[in-house]
1. Of everything in the stretch B:461-471, what is β-branched (Val, Ile, Thr) and either surrounded by fewer than 19 Cβ atoms within 10 Å (Cβ to Cβ) or closer than 21 Å to residue B:160 by Cα (or both)? Give them in sequence order.
2. Which residue out of B:494, B:488 is more than 26 Å from residue B:223 (Cβ to Cβ), assigned to a loop (DSSP other than H, G, I, E, B) and among the β-branched types (Val, Ile, Thr)?
3. Pick from the stretch A:50-64 the residues that are without any contact (Cβ under 8 Å) to a residue 24 or more places away in the chain and closer than 15 Å to residue B:491 by Cβ: which of them is farthest from the other protein chains (Cβ to nearest Cβ)?
4. In the set B:566, B:517, B:560, B:531, which member is in a loop (DSSP other than H, G, I, E, B) and either free of Cβ contacts under 8 Å to residues at least 60 places away in the same chain or touching a Phe, Trp or Tyr at 6+ places or on another chain (Cβ under 6 Å) (or both)?
5. Is one or more of the residues making up the stretch A:49-70 in a helix (DSSP H, G or I) and not β-branched (Val, Ile, Thr)?
6. Would you check if there is a residue in the stretch B:215-224 being part of a loop (DSSP other than H, G, I, E, B) and crowded, with 24+ Cβ neighbours inside 10 Å?
7. Please specify each residue of the stretch A:28-49 satisfying the condition of being more than 7 Å from chain B (Cβ to nearest Cβ), closer than 23 Å to residue B:481 by Cβ and over 28 Å from the mean Cα position of the chain (by Cα).
8. For the stretch A:105-159, what are the residues that are among the polar types (S, T, N, Q) and over 26 Å from the mean Cα position of the chain (by Cα)?
Amino acid sequence: MSDHKTIKITVLRYRPEEEDAPTEQTYEVEFRDDWVVLDALNHIKDHIDGTLSFRWSCRMGVCGSCGMMVNGEPKLTCAAMLRDYYPKEVRVEPLVNFPIVRDLVTDMTDFMDKLKAVKPWIIREEEKPVSEGEYRQTPDQLKDYKQFSQCINCMLCYAACPVYGLEHDFVGPAAIALGHRYNLDSRDEGIQQRQHVIASKEGIWECTYVGECSVVCPKHVDPAEAIQQTKVATTTNRFKSLVMPWGNKT
Amino acid sequence: MNIPMHDVLLVGGGGAGLRAAIAASETYRGADIGVVSKVYPMRSHTVSAEGGTAAVMREDDNLDLHAYDTIKGSDFLCDQDVVEAFVKEAVDEVIQLEHWGCPWSRDEDGRVSVRAFGGMSVKRTLYAADKTGFHMLHALFQTSLKYDAITRYDEWFVTSLLVEDGRVCGVTALNIRSGNIHAIGAKSVIICTGGAGKIFPFTTNAAIKNGDGMALAYRIGCPLKDLEFVQYHPTGLPGTGILMTEASRGEGGHLVNSQGERYLSEYVPGKMELGPRDILSRSFIHEERKDNVFKGPDGSYVHLDLRHLGEKIIDERLPFVRELTRNYVGIDPVYEPIPVRPVVHYCMGGVHTDINGATPIPGLYAAGEAACVSLNGANRLGSNSLTECLVFGARAGQVAAQHAADTDFADSASMARMAQDEQKRIETQFFGTNGKERVANIRDDLRKTMEEGAGIFRTEDALKTTCDTIRTLKERYKNIGIDDHSRVFNTDLVNALELGYMLDVAEGLAHSALLRRESRGSHARSDYEERDDENFLKHSLAYQTDGDPRIEYLPVTLTRWEPEERTY
């Protein structure tokens, strides 16, 4: 055993039934070259301390459950290789800018409400019956919004966003990107219904374009681009609505 | 005690559950729908499905051909009336999903694209690059947000089904965040909790797939059907089990052994890489026995070679494969072959239902991988399962809503008492004792014995050992001790409860496999190598008893296709 390499994992602990404020705890685990940070957390939970709580599921970077701060950066812990930190200690904390429920588990209720507020579904003035078949959509039309449909709701962008950290009314990067995704979809006619949320003061205009959301996004959604595109389109539309009061999607 | 009541209650919020919830609310206007899920619905394992969704969309295809491919793929153990309904309704369901915003990949003319898939005679698999499940799940979840009739219980974990006068009338559930057990009343309950791949050590399945809903049904006397049929996907990454989609072969990828040969020419010459999964997974074992495989730290493997497809096709149609291999094994498939080996992927068996998703227990329904509606028989064809979630999720939602319209709620006082009893049971079992057995140790031993006895090839002796071991593990489980005795977000407790479900499903699976003395589809018995239609052209039904499960049988429904030899 003695020649096994080990690595120290320090995690933030918070047990609301026992303590008023977060503390930290350090575990020493075997270092394995093929492990991700999440594997080390699972090793701790299974074999050292079953009281450590965190969320995870797919372990392949698509379910969006296991976002945490790793050495101060928002990361999917299932995609953060331990070897990228070894031999230094790894610090794991819950995503910042969210209330902590317990240990590494945060409260994402606020995002769920904001997601619903941007109406992330296809809105049509008249629904086409299924019997009439699919809507035609060319690969180019698909490309217009595809990138913004890749959001896995992992919350890393909210943890990275300095504006959300200060101003919790801000709709935030992921929800705006998803609203924008539907606005850009050739099948959708709901832009007007989303604008009072997305183009509001708490929407795009709150963003100071720091761009950290796009830097940390594990799926290259580029929410900052969605916000920028919406700002431009909204400005254009405001102008257009003066001369063409019926509005229109661009 | 104020008990929430819903006309229809979903247990599970993945592809099948969300489709059922929407169908229920559209069938019975004014119906009140609840969705209980132990994770936020968009975390459900549907999210990991990659390759696509099958439906007849083109002129060169027809419903009978899709039906025949499915029936042959199932090794004739599916119910043919179910298959006929499935292929017909699949078409409307994928179009419905298109109308709900699913970003299907498209042809130049704007039609949804279709690709080739294993065991399908023509291109009929719709796809959204290689993140089809992800896009389907998010389209369904985001669409479900517009239905005010749907109330969600996110991160609530169902611990039992409530039964009164022989019918299901609700559930008890742990609110993971508060640690309290609540009763939720319902006229109809639909189980959509997915499969049980995590009872095996090496699987593409997410951590949440522990057979919860199967065990919940099993515990109230509902049979689990055809549990012995477990699909190994032929191409998972060694070690992690991360799925390399079948679409990578559908798009033209090759499987190559250590001799540099496309070895499938020996086993499925007519289909090669597009053969069905059961046969491809067995072919790997044959190659392993011939020492024609590569050796690595995580076991032997062969190569999935995509290099000849070129960067453009890979990026356009298989971007997730490239992302995963780069991140997890440091390999770029544009330049290097990918190491792959068979890995547990899908449970053909599950909660026994009829063609509408109704179980034999009044008020209880099931759909998706948790259910066995008998679409997949002994081996599922790739890309039929996402469609299954849509077609049979919708059917179950409709039928459950109709049932709810004609039914009254059970007495809330008695449900409140049942919830109190459940809280006591859980506190006594997990907090009241100083048990010495760790969850992870029993779980690891279970996974090991499942692989040894109920893996790709099975024998009487190995299965008997597995059955014995599971019996011992169930005894050890009674002496379980958990570290965490607090209430708020106690995942130690959730894991312990999940382990109880895993043991129940494993028991039913191993005993069903022991008694099926033939080889059919994914169930390959080295001691009974032939399919035996005379004795086993029938479904197994596992019933829980105080001792070993009781296994009964049910005839297979044949309509227009006589069983024939299954060669490709």
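The values are calculated or read from the model by the stated rules, or taken from the named source; none is laboratory data. Because the structure is predicted, anything quoted here is derived from the model rather than measured. Here Cβ is always computed from backbone atoms with ideal geometry, including for glycine, and neighbour counts include all displayed protein chains.
1. B:465
2. B:488
3. It comes out as A:56.
4. Exactly one residue qualifies, and that residue is B:517.
5. The answer is no; no qualifying residue exists.
6. Yes - at least one qualifying residue is present in the stretch B:215-224.
7. Residues satisfying the conditions are A:29, A:48.
8. Across the stretch A:105-159, the qualifying residues are A:131, A:137, A:138.
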